[in-house]
Amino acid sequence: MRYLLSVLCVMILIGCEDSLIEQGEPEEILESIDDAVRLSQIIITDPDTDDVLTDIAINYDQDSLISTILFTGLQNITYEFNYASNDRLTDITRTENGATVAYSLSYDGDEVQLLDSTGSVERTKLFSVDSQNRIFRTQTFENDALQQTINYNYTSNFNVQRINELSAGNAIERYQELTYFFNNNPFRDMNDVLRFIVFEDFIPYTRYLPSTINSFESMGGTFTMSSSVQFVYSLSDDNFPGSRIVTRSQGGVDEVTVETFIYTDN
């Protein structure tokens, strides 16, 4: 759950090698409700054997809000969700291999705090999501000491172009650069907090889904590309992805999977 999220307040964060600059005015945002595009399943397969590696089932309640998400296969995880009367996400229960952790979300101004039921002293604060679903900063604390800040930079059409991972001293330790292929995002009408917490590997909080993701790490003061991901899409008539081929490259080794997106009938 490294890349979590929050509410309210428009900011522009400009990432540089050692510091951040923020500016902007608060702006009220509306809770996102998943009633326009309802993604019901994601199936991840091995293209060589057609074996299912991970099956992700998404279930909805009578109010068209996501009630459960089930990961089966290489991952076996169940998420359950509860909402307030205004459709704001309030509680998450995560069960993996028989171990259950309950998370509660509290909202205060331009931040959301995610706390778990294990007595852990680790917490994550999520800052600044505006009406365009732009996430600008997350902070992770341990024993009230800041451990890491994630900073997001955006293009003019609301896509994340760079994700900076910062040390407690705001030095960039690693970053990702993203490019995009025009397509509609099947995650876009989900509750913003939910999609950011559960689907971080899919980069769901941008306007479009990415074409490439290149990752860089600082080594001796120089940033070197450590891994890359390339996506090739098959789109339906409405430009939503029916499937995509994902090629992950690291250390000269490529790993290829196919992700198939299935939607409910509205």
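Values in this text are rule-based calculations from the coordinates and carry no lab data. It should be emphasised that the depicted structure is a prediction, and the values quoted were computed from it without experimental measurement. Methodologically, a virtual Cβ is constructed for each residue, glycine included, from the backbone with ideal geometry; neighbour enumeration extends over all protein chains shown.
Summary of values
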{"item": "Cβ crowding within 10 Å averaged over residues, with 56-62, 246-252 ranked highest first", "result": "56-62, 246-252"}
{"item": "Relative contact order computed over the stretch 155-229 (Cα-Cα under 8 Å; 6+ residues apart), in percent", "result": "30"}
{"item": "Interchain or long-range residues, amide H under 5 Å from residue 147's placed H", "result": "140, 141, 142"}
{"item": "The stretch 179-240: C-alpha gyration tensor shape, a/c 1.5 cut-off, then a/b vs b/c", "result": "oblate"}
{"item": "The stretch 104-239: relative contact order in percent, alpha carbon pairs under 8 Å with at least 6 residues between", "result": "14"}
